[in-house]
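Working notes, structure below.
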Amino acid sequence: MRSLWIVIVLGLVLVGCQPAPAEPEEAPDPLTLLNTAAERIRAVETFRLAVDVSGDAHFFFAELGNDGVVSAEFIQARAQYAAPDVFQGQVRIRYGVPIDVEVYAEAEDQFYRLGNLPWIQGDFAPEFTPAMLLAEETGFQAALTTMEDLTYVGRTTLEDGQPVYHLTGRANGPQVSSLVVGLINTQEDLPLDVFVHTETGYPSRITMRVPQADDGESVFMIDVYDIDAPSEVSAPTVGEE
């Protein structure tokens, strides 16, 4: 009988030593997260963008040398932005075959070249200026602070291990098109998923779903990285090989 009481007492002691259940984490305010992300990205000197398209093909109009303005499929882009108004990168398109187009934009001036051909001064992406990426009513500002139907989904981890807050909503198509160099031409609101880094507060990823014909859709995935890394943009010279 004494042994039974000892067992009961030890059991009660062990139960009493168990840690109290952790309190569920309070969900952050989604609007505060996005306002902070917009404020921080607009204060940087440089960042890089990686844009990839999945789902249905997305076509846009571009100027391609002697061919003039053509309809081409957008595949991906890799670029660096440097404050206050410079953008340089490579856009991969499909115009019959995949083509890499190097693009340089400074304020309202644009240059592009196909492969290793000479630079051409011309509007590869008409009406786009680098400043639109961080302007008050376009680009990141529009994507992060003017979303409607805003919902906080929860915490998650991107493929590279970044811890992020995941939010969803809808944003004005013309305002956010500068995030993909103005290559989206729609007047509709676009569904967005926004991923904000839990530690730095910067936007890590934005995905946009763009409607296509016959109820199809293209998914643009925009990753932001190398924030405030040294600028590697270099102004071209027309006629330069």
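The values are calculated or read from the model by the stated rules, or taken from the named source; none is laboratory data. Just so you know, these numbers come straight off a predicted model, no measurement behind them. Please note: Cβ atoms are built from the backbone with ideal geometry, for glycine as well, and neighbour counts cover all protein chains shown. Surface areas here come from the heavy atoms of the whole protein model, side chains and all, with no ligands, DNA or RNA. Shrake-Rupley method; radii C 1.70, N 1.55, O 1.52, S 1.80 Å.
Restricting to the stretch 198-209, name every residue that is under 18 Å from LEU133 (Cβ atoms) and in a strand (DSSP E or B).
PRO203, SER204, ARG205, ILE206, THR207, MET208
Residues are listed down the side, and each one gets a yes or a no for (1) touching a residue at least 40 places away in the same chain (Cβ under 8 Å); (2) in contact with a helix residue (DSSP H, G or I) (Cβ under 7 Å, 6 or more places away or on another chain); (3) of a type in the set (A, V, I, L, M):
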| residue | (1), (2), (3) |
| --- | --- |
| ILE184 | yes, yes, yes |
| TYR202 | yes, yes, no |
| VAL210 | yes, no, yes |
| ASP215 | no, no, no |
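Suppose the filter is hydrophobic (A, V, I, L, M, F, W, C), touching a helix residue (DSSP H, G or I) at 6+ places or on another chain (Cβ under 7 Å) and within 18 Å of LEU133 (Cα to Cα); does LEU167 pass it?
no
Among the numbered criteria (1) open to solvent by less than 50 Å² (accessible area, probe 1.4 Å); (2) over 19 Å from the mean Cα position of the chain (by Cα); (3) acidic (Asp, Glu), which single criterion is violated by ASP214?
Failing condition for ASP214: (1).
Of all residues being open to solvent by 10 Å² or more (accessible area, probe 1.4 Å) and either in contact (Cβ under 8 Å) with a residue 24 or more places away in the chain or part of a helix (DSSP H, G or I) (or both) in the stretch 136-150, which is farthest from ILE206 (Cα to Cα)? Just the residue, please.
Ranking the candidates gives GLU137 first.
What number goes with the only condition from (1) on the phi > 0 side of the Ramachandran plot; (2) open to solvent by less than 60 Å² (accessible area, probe 1.4 Å); (3) touching a strand residue (DSSP E or B) at 6+ places or on another chain (Cβ under 7 Å) that PHE195 does not pass?
Just one mismatch for PHE195, condition (1).
Residue by residue, here is whether (1) modelled with pLDDT of 90 or more; (2) open to solvent by 60 Å² or more (accessible area, probe 1.4 Å); (3) in a loop (DSSP other than H, G, I, E, B) holds:
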{"position": "LEU10", "(1), (2), (3)": "no, yes, no"}
{"position": "VAL13", "(1), (2), (3)": "no, yes, no"}
{"position": "ALA20", "(1), (2), (3)": "no, yes, yes"}
{"position": "GLU26", "(1), (2), (3)": "no, yes, yes"}
{"position": "LEU33", "(1), (2), (3)": "yes, no, no"}
{"position": "ALA38", "(1), (2), (3)": "yes, no, no"}
{"position": "ASP52", "(1), (2), (3)": "yes, no, no"}
{"position": "PHE59", "(1), (2), (3)": "yes, yes, no"}
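Among the residues of the stretch 87-102, how many are within 13 Å of ILE75 (Cβ to Cβ) and within 21 Å of the chain's Cα centre (by Cα)?
Within the stretch 87-102, residues that are within 13 Å of ILE75 (Cβ to Cβ) and within 21 Å of the chain's Cα centre (by Cα) number 6.
Restricting the first residue to the stretch 62-74 and requiring it to be over 17 Å from GLY115 (Cβ atoms) and open to solvent by less than 20 Å² (accessible area, probe 1.4 Å), which pairs with a second residue that is in a strand (DSSP E or B) and among the aromatic types (Phe, Trp, Tyr) meet a Cβ separation below 6 Å and a spacing of at least six or different chains?
So the pair list comes out as PHE74/PHE60.
If you scan the stretch 157-192, which residues turn out to be closer than 22 Å to ASP226 by Cβ, open to solvent by less than 20 Å² (accessible area, probe 1.4 Å) and outside any loop (DSSP other than H, G, I, E, B)?
Hits for the stretch 157-192 are VAL164, VAL176, SER178, LEU179, VAL180.
Considering each residue of the stretch 84-105, count those that are touching a residue at least 40 places away in the same chain (Cβ under 8 Å) and surrounded by fewer than 17 Cβ atoms within 10 Å (Cβ to Cβ), and give that number.
Looking only at that region, the number is 1.
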